[in-house]
Amino acid sequence: MAVIIEVLGWGGKRRQYFKIDADQVSIGRGYDNDIVLSDPYISANHLRLNACGDGWVITDLDSLNGLQVIKNPSTDESLFTSGAEIKLGRTKLRLVAESYPLEDAKILHGLERDTNKLNRLSVWLPLLVAVFATQLLSVYASTLAEWEWKNAIPVIVSAQLAIFVGAIFWSLLGRLIRHEAHFLGQYSLILLASLLFTGCSWLLSTLSYNFSSALFGDMVQQLASMSILLLLLSANLTLATNLSSRARWSGCAAFVGVVVIIGSVGQMKSWGEFSPFPQYSSTLAAPALLVVEGQTSEEFLADIDPLFQQADRAALEK
């Protein structure tokens, strides 16, 4: 009777397996066993399996740490049927028959099928150049002092380093969980998210200036930022983990929700508090894309003079 011994890893995932076509199978650390395991907590000759009907009988060969039964579908405690899980030392094993039913194959996420496209030089290099250019323009547009490269380089390098470290983190997580790093894919995703974030911030700040709606602009910018973060985290988890779609989106939404709560609490805490360092704008000029009509400074002063005169008359009458 053939038996398949699966060595289980984190989350019950199969890490290795042995298929033995025999009615008796020995397991241990010694080389004279049918299945040799390198766990130092397993005895040289730990146990023996004997086929019996639709299952196996396990005999402990006076091992030092014995046997721990994790799961056994059989109602007979002395008989281990297909799907039973046991633990020897620190190693988890699953006993499986050839006829043991398997889960249906899972469809690959579209992002996983297109990972090779993200790994191409023709994809991530233009993204890198575009992100570098947008960050440079952003620093230039918000600089109050005279432009100097020595002031811009540290900001840009820090941003690129943060993107690089993020890609390394997700690739290491993917290597640990799925044994697939996808470094360039993760790097391309973070670059794309950074590009979207910078573009959305510029567009929304320009619209906010045009329509004189700073509060609305800030709210929309925060909503856009959280949406980009949500999509990025979901994409990162898709390449790095085996989470289901529901678990992935739920986890991302929970994380983004915590970020929003922490940010909101920080803002509410600062409301009404005096600060010796008030916020101010360092923008040199209004955004270039002005789509609404406005007033010149001379027209504004001409219109406001009557208001001051009216206020003076009202004060004198009192």
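The values are calculated or read from the model by the stated rules, or taken from the named source; none is laboratory data. Remember, predicted model here, so these are calculated numbers, not experimental data. Neighbour counts run over all protein chains shown; Cβ positions are idealised from the backbone, glycine included. Just the protein is used for accessible areas: all its heavy atoms, side chains included, with ligands, DNA and RNA removed. Shrake-Rupley method; radii C 1.70, N 1.55, O 1.52, S 1.80 Å.
Measuring with a 1.4 angstrom probe and ignoring ligands and nucleic acids, Leu203 comes out at about 90 Å² accessible.
Measuring only protein heavy atoms, the 1.4 Å probe finds Leu196 accessible over about 90 Å².
If you take the square roots of the eigenvalues of the alpha-carbon gyration tensor of the range 150-213 and sort them as a ≥ b ≥ c, do you get rounded (a/c under 1.5), prolate (a/b over b/c) or oblate?
Working: a/c = 4.43, a/b = 1.97, b/c = 2.25.
Oblate is the answer for the range 150-213, as a/c is 1.5 or above yet b/c matches or exceeds a/b.
In terms of solvent-accessible area of protein heavy atoms at a 1.4 angstrom probe, what is the ranking of Trp249, Trp202, highest value first? Don't skip to the answer; put the middle values down first.
On the way: Trp249 95, Trp202 140 Å².
Largest accessible area first, the residues go Trp202, Trp249.
Converting phi to 3J(HN,Hα) with the Karplus coefficients 6.51, -1.76 and 1.60 and the offset θ = phi - 60°, the range 152-163 yields 8, 4, x, 5, 5, 5, 4, 5, 5, 5, 4, 5 Hz in sequence order, with x at every glycine or proline.
Put Tyr41, Tyr31 in order of accessible area, largest first, 1.4 Å probe: what do you get? Could you put the intermediate results ahead of the total?
On the way: Tyr41 100, Tyr31 210 Å².
Sorted by accessible area, descending: Tyr31, Tyr41.
Please work out the C-alpha center-to-center distance from the range 1-30 to the range 218-248 and express it in whole Å. For the range 1-30 versus the range 218-248, the Cα centre distance is 39 Å.
For the range 1-45, the residues whose amide N sits under 15 Å from a probe point set 7 Å from the Cα of Asp60 along the beta carbon direction are 42-45. Rolling a 1.4 Å probe across all protein chains gives Thr75 an accessible area of roughly 140 Å². When all protein chains stay in place and ligands, DNA and RNA are ignored, the 1.4 Å accessible-area order of Arg120, Arg94, largest first, is Arg120, Arg94.
Which loop-located trypsin sites (Lys or Arg not before Pro) does the range 1-77 contain, where loop means any DSSP state but H, G, I, E or B and the Cβ has at most 11 other Cβ atoms within 10 Å?
Details: sites: Lys13, Arg14, Arg15, Lys19, Arg29, Arg48, Lys71; in loops: Lys13, Arg29.
Qualifying residues, ordered by number: Lys13.
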